[in-house]
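The values are calculated or read from the model by the stated rules, or taken from the named source; none is laboratory data. Only a predicted model underlies this, so the values are computations on that prediction, with no experimental measurement involved. Heads up, the Cβs are rebuilt from the backbone with ideal geometry, glycines too, and the neighbour counts pull from every protein chain shown.
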Amino acid sequence: MASWTWLTPALSFALLVGAIAAGVGTLLAVLCGVGLIGAVIAAVHHAEVVAHRVGEPFGTLILAVAVTVIEASLILSMMFAGGDHMAVLPRDTIYAAVMIICNGVVGICVLVGGLAHHEQTFRVEGAGAGLAALIVMSALTLVLPAFTTSTPGGTLSGSQLMFVAVTSAALWAIFVFIQTVRHRDYFIPVANAANPEVHAEPPTIRETWESFGLLLVSLVVVVGLAKMLSPTIEHAVAAAGAPRAVIGIVIAMLVLLPETWAAGRAARADRLQTSMNLAVGSALACIGLTIPVVVLAAIVFGLPLTLGLEPKDLVMLGVTLLVSAVTLGTGRTHMMQGAVHLVVFAAFLFLAFVP
């Protein structure tokens, strides 16, 4: 194991401890930003080591689940500390994550893959099933609360929240079963003899466990540093006069950096199937894991929770899911599709600052 693969998480963890102990000043904020980037790169490396050992689709599933579990912890910690004005944070973060994954990550992967290889393929059976589940989960969690009449203002009643939580978790669990057991072949990349990584010697069991442990440490550091930097980000957002929803976008971007980097590298290496596994699986885990945890905490501790999107965001979500259906419906991609997704992503970012 190369020294940087364990030294980078260790130094980043030391920065996190220092930030917790001494607070985040200007210099320490810059160092924490550098440490955050280093932790992201280390997390991607160790995730790829684990993925190479266990094979697809389990490797991409490990990264998706790990990041999403920590994301849910980050949301809850900020909800407990922030009070009523954090009632929309889960909505803003989950919506931002879906938009980042479906437009930013998919767009980058398809565009980069198209530029490098002209045209790429993936198994539409798995991606299509995942997208169908994502459409239903997004509608139940982010769209319907804006139209229900039991409670006002984009909120849900206790029974409605439980229904949304249970159905989201059930759809995610079924998708994982399909992905890893019943129809695993739908998510396995087609063998590429020209790709040396396909035939590379897999890591040993010891190396795999070491990488798994360092992956968890790196992910904790990524989210921990993101949380420590969030007040600085919040002050910067306020100074720029941007809406509070931008905070959710920044948090989602920071948390999703490892998956974005890994998916882009896979597309560049002509492994678009791995990229699509990461994208679709991450989007589903983002709702299927985060929503049940947040809903349970909101009910048990009486936390305010607003899930319904604003009209502008409803339109952007609808456009995203429609474009995604077109992109994932054929199993073949080229750079034009990537450009379309990135334009939608740019519109999402622009309208977040200029609503």
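Scanning region 149-162 for residues that are of a type in the set (S, T, N, Q), outside any helix (DSSP H, G or I) and either touching a strand residue (DSSP E or B) at 6+ places or on another chain (Cβ under 6 Å) or free of Cβ contacts under 8 Å to residues at least 24 places away in the same chain (or both) returns Thr149, Ser150, Thr151, Ser157.
Across region 299-320, the number of residues qualifying as under 30 Å from Arg184 (Cβ atoms) and surrounded by fewer than 19 Cβ atoms within 10 Å (Cβ to Cβ) comes to 0.
Pairs linking a residue in region 287-302 that is closer than 13 Å to Met79 by Cβ and touching a residue at least 12 places away in the same chain (Cβ under 8 Å) to a residue that is surrounded by 21 or more Cβ atoms within 10 Å (Cβ to Cβ) and acidic (Asp, Glu), with Cβ atoms under 9 Å and 6 or more positions apart or on different chains, are Thr290/Glu71.
Within this structure, Leu272 passes the test of being modelled with pLDDT of 90 or more, in contact with a strand residue (DSSP E or B) (Cβ under 6 Å, 6 or more places away or on another chain) and under 29 Å from Gly38 (Cα atoms).
Against the list (1) within 24 Å of Met137 (Cβ to Cβ); (2) modelled with pLDDT under 80; (3) within 17 Å of the chain's Cα centre (by Cα), the condition Arg91 fails is (2). Pairs meeting the criteria (first residue in region 216-245 and touching a residue at least 12 places away in the same chain (Cβ under 8 Å), second residue among the polar types (S, T, N, Q), beta carbons under 6 Å, at least 6 apart or on different chains) are Val221/Ser12.
Here are some residues: Ala165, Ala173, Ala129, Ala169. Which one is touching a residue at least 40 places away in the same chain (Cβ under 8 Å), within 25 Å of Ile101 (Cα to Cα), in contact with a Gly (Cβ under 6 Å, 6 or more places away or on another chain) and hydrophobic (A, V, I, L, M, F, W, C)?
Answer to the check: Ala169.
Those residues that are at pLDDT 80 or above, outside any helix (DSSP H, G or I) and crowded, with 21+ Cβ neighbours inside 10 Å, I need them from region 52-88; list them, please. Within region 52-88, Val88 is the sole residue that qualifies.
Do the conditions hold for Gly114, that is, is it modelled with pLDDT under 75, outside any loop (DSSP other than H, G, I, E, B) and surrounded by fewer than 23 Cβ atoms within 10 Å (Cβ to Cβ)?
Details: modelled with pLDDT under 75: no; outside any loop (DSSP other than H, G, I, E, B): yes; surrounded by fewer than 23 Cβ atoms within 10 Å (Cβ to Cβ): yes.
No, not satisfied.
Within region 88-112, residues that are closer than 25 Å to Met78 by Cα sit with their Cβ atoms under 7 Å from residues that are among the acidic types (Asp, Glu) and assigned to a helix (DSSP H, G or I), at 6+ positions apart or across chains, in these pairs: Tyr95/Asp313.
Considering (1) assigned to a helix (DSSP H, G or I); (2) crowded, with 17+ Cβ neighbours inside 10 Å, the lone condition that Val17 does not fulfil carries the number (2).
Among the candidates Ala352, Ala279, Ala346, the residue that is within 21 Å of Ala267 (Cα to Cα) and either touching a helix residue (DSSP H, G or I) at 6+ places or on another chain (Cβ under 7 Å) or surrounded by 15 or more Cβ atoms within 10 Å (Cβ to Cβ) (or both) is uniquely Ala279. Residue check: is Glu207 modelled with pLDDT of 85 or more and either within 22 Å of Cys286 (Cα to Cα) or over 21 Å from the mean Cα position of the chain (by Cα) (or both)? For Glu207, the condition - modelled with pLDDT of 85 or more and either within 22 Å of Cys286 (Cα to Cα) or over 21 Å from the mean Cα position of the chain (by Cα) (or both) - is met. Checked against (1) surrounded by fewer than 18 Cβ atoms within 10 Å (Cβ to Cβ); (2) at pLDDT 95 or above, Leu296 passes all but condition (2).
Answer with yes or no whether Leu131 is surrounded by 18 or more Cβ atoms within 10 Å (Cβ to Cβ), farther than 13 Å from Met276 by Cα and either in contact with a helix residue (DSSP H, G or I) (Cβ under 8 Å, 6 or more places away or on another chain) or at pLDDT below 90 (or both). So Leu131 does not fit the description; no.
Let's see how each residue does on (1) in contact with a Ser or Thr (Cβ under 7 Å, 6 or more places away or on another chain); (2) under 24 Å from Met316 (Cβ atoms); (3) among the aromatic types (Phe, Trp, Tyr):
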| position | (1), (2), (3) |
| --- | --- |
| Leu76 | no, no, no |
| Thr93 | no, yes, no |
| Val98 | yes, yes, no |
| Ile101 | yes, yes, no |
| Gly107 | no, yes, no |
| Val124 | yes, no, no |
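Residues that are closer than 16 Å to Ala262 by Cα and of a type in the set (A, V, I, L, M) within region 8-46 comprise Leu36, Ile37, Ala39, Val40, Ile41, Ala42, Ala43, Val44, listed in sequence order.
Kindly establish whether Leu31 is among the hydrophobic types (A, V, I, L, M, F, W, C), under 21 Å from Arg206 (Cα atoms), outside any loop (DSSP other than H, G, I, E, B) and free of Cβ contacts under 8 Å to residues at least 40 places away in the same chain. So Leu31 fails the test.
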